[in-house]
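Below you'll find the structure, written out as structure tokens, and then a few comments.
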Amino acid sequence: GTAEEVQYAYAGAGVPAVRTKTGSVLETDAYHQWRLLLAALEQPSRGAVVRAAGLGVFLHRSPSWLDPHHPGADLRLSEVQQSCARWASELTRLPFLAWYDTVRSESGLVSTLLSTPGGERVLTDIDHVAELLAGELAGGRATAPSALRILEQMKSHLDDEQDREGRMRRIDSDSSAVQITTLHSSKGLEYPIVLVPFAWCA
């Protein structure tokens, strides 16, 4: 879309730019990453489920590392399964956000994502989904199955008016940056300076 083109153009010119108001965070890859992780925590004995999560942002193993035909594959898969089982156990003992802090630290999630293009955007969404899950749990503890069900329920109730604003994607950086929004998602004169680059072809 046009907003993406503008963002890429700014990036090419070395100008920090972020997109705002780009839909629900539950319609992003962050939702799928959380779903993969929680499914693996729910069933750490299932190799295929754990391999899928292993390729995600939380466990970030390479496809070759998890290749079932590679020598030593069973040992490597077992290592990831043990991590999933341990995280699942810790989830039952800690408040959700305290548990997430542990996972964030142990997984190297922040450094991994921030070292990749667009990683700050993904990290913002991952953190946001964690906060939504914690809000649904009301500060209580969870199990992997219950957290997964809550995540899926939030997605299935996406069109509900209640808390729609709370699910809207956040700006991915607090640093000084050009904010890119569309006419449809803007609310009028909310910015001190506005540039409308494609008004001539509207």
Problem set entry | Filtered residues of segment 35-51 (kept if open to solvent by less than 40 Å² (accessible area, probe 1.4 Å) and among the small types (G, A, S)) | A39, A40, G47
Exercise. Hey, does segment 97-111 have a residue that's over 19 Å from H32 (Cβ atoms), of a type in the set (F, W, Y) and modelled with pLDDT of 90 or more?
Worked result: yes
Problem set entry | Of all residues in segment 99-120 being open to solvent by less than 40 Å² (accessible area, probe 1.4 Å) and within 23 Å of G166 (Cα to Cα), the one that is farthest from the chain's Cα centre (by Cα) | W99
Seminar exercise, completed: By residue number, the members of segment 84-101 that are over 16 Å from G140 (Cα atoms), in contact with a Leu (Cβ under 7 Å, 6 or more places away or on another chain) and not aromatic (F, W, Y) are C84
Problem set entry | First in segment 56-70 and closer than 19 Å to L113 by Cβ and open to solvent by 50 Å² or more (accessible area, probe 1.4 Å), second anywhere and of a type outside the set (A, V, I, L, M, F, W, C) and part of a loop (DSSP other than H, G, I, E, B), Cβ under 9 Å, 6 or more apart | H60/G108
Seminar exercise, completed: Selection from segment 91-105 of residues in contact with a Ser or Thr (Cβ under 8 Å, 6 or more places away or on another chain) and either of a type outside the set (A, V, I, L, M) or part of a helix (DSSP H, G or I) (or both) yields L91, T92
For this session: Would you please list the contacts, defined by Cβ atoms under 6 Å and residues six or more apart or on different chains, that run from a residue in segment 32-43 that is within 12 Å of S89 (Cα to Cα) to a residue that is among the acidic types (D, E) and buried (at least 24 other Cβ atoms within 10 Å of the Cβ)?
Result: none
For this session: Hey, can you tell me all the residues within segment 123-147 that are closer than 27 Å to T92 by Cβ, open to solvent by 20 Å² or more (accessible area, probe 1.4 Å) and among the β-branched types (V, I, T)?
Result: T143
For this session: Would you check which residues across segment 48-76 are in a helix (DSSP H, G or I) and in contact with a helix residue (DSSP H, G or I) (Cβ under 6 Å, 6 or more places away or on another chain) and list them?
Result: V49, V50, A52, A53, G54
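The values are calculated or read from the model by the stated rules, or taken from the named source; none is laboratory data. Quantities reported herein were computed from a predicted structural model and do not represent experimental measurements. Note that we place each Cβ from the backbone using ideal geometry, even for glycine, and neighbour counts take in every protein chain shown. Ligands, DNA and RNA are stripped out before the accessible areas are found, and what is left, the full protein with its side chains, is counted by its heavy atoms. Shrake-Rupley method; radii C 1.70, N 1.55, O 1.52, S 1.80 Å.
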